[in-house]
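Here is the structure we will look at.
The values are calculated or read from the model by the stated rules, or taken from the named source; none is laboratory data. Here the structure is a predicted model, which means the values were calculated and not measured. Cβ sites come from the backbone with ideal geometry, for glycine too, and all protein chains shown count toward neighbours.
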């Protein structure tokens with residue numbers, strides 16, 4: 001877990017940007033201590049696991065929002081990149097006469113006890129591939145911009161990206177709210193016993 005305001009940049013020399021906002025519930029109230037997980041590609045369009053020793057993290061981190069649901073950290077302004085075009089995925093993209101590029105984006109997983117986990121990404125407006133993302137991930141509500149003069153930023157001397165996330169309540173009190181399979185909800189059925 002990283003301290004609020006920390007930088008997720010451990011390698012490279014790109015200029016930093018502040019990424020901040022609130023994690024809120026459906027009523028607009030901040031969710032204290034919400035977990036914010038973030039990762040983004042480097043200046044070559046690669047993620048740390050593609051380039052470095054997997055034990056060395058770069059451009060990823062986990063943060064807890066403060067008591068008001070506010071999160072803030074320092075990263076870099078992301079760049080778009082081309083997905084790997086070898087193998088069957090590349091064949092499919094070429095057969096569809098598509099370019100294979102993803103627009104600049106930042107990945108997030110946001111969660112809190114009693115709420116449904118949110119897996120999403122923010123996209124930087126103005127990217128040349130914003131309207132033609134090869135994996136169709138962009139929606140208008142996820143497009144944001146870099147503000148070069150934001151007096152409300154926790155680091156007003158740096159460019160900033162502001163975005164508030166909203167979490168929905170988990171559907172039942174014993175549901176974990178996690179995305180995907182929840183192993184704690186899987187039970188093994190007993191085999192019927194043989195009768196004599």
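From the list 118, 59, pick out the single residue that is touching a strand residue (DSSP E or B) at 6+ places or on another chain (Cβ under 7 Å) and either loosely packed, with under 12 Cβ neighbours inside 10 Å or modelled with pLDDT under 95 (or both). 59 is the lone residue from the list that is touching a strand residue (DSSP E or B) at 6+ places or on another chain (Cβ under 7 Å) and either loosely packed, with under 12 Cβ neighbours inside 10 Å or modelled with pLDDT under 95 (or both).
Residue 141 meets the conditions (1) exposed (fewer than 13 other Cβ atoms within 10 Å of the Cβ); (2) within 21 Å of residue 45 (Cβ to Cβ); (3) under 20 Å from the mean Cα position of the chain (by Cα) in every case but one. The failed one is (2).
Residues that are under 17 Å from the mean Cα position of the chain (by Cα) and assigned to a loop (DSSP other than H, G, I, E, B) were ranked within the stretch 39-56; the one that is modelled with the highest pLDDT is 40.
The requirement of being surrounded by 14 or more Cβ atoms within 10 Å (Cβ to Cβ), in a loop (DSSP other than H, G, I, E, B) and in contact (Cβ under 8 Å) with a residue 60 or more places away in the chain is not satisfied by residue 74. Of all residues in the stretch 88-128, those satisfying the criterion of being in a loop (DSSP other than H, G, I, E, B) and in contact (Cβ under 8 Å) with a residue 60 or more places away in the chain are 112, 113, 114, 116, 117. Looking at the stretch 138-151, can you tell me whether even one residue there is at pLDDT 95 or above, within 19 Å of residue 62 (Cα to Cα), touching a strand residue (DSSP E or B) at 6+ places or on another chain (Cβ under 7 Å) and not in a loop (DSSP other than H, G, I, E, B)? Looking for residues that are at pLDDT 95 or above, within 19 Å of residue 62 (Cα to Cα), touching a strand residue (DSSP E or B) at 6+ places or on another chain (Cβ under 7 Å) and not in a loop (DSSP other than H, G, I, E, B), one finds none in the stretch 138-151, hence no.
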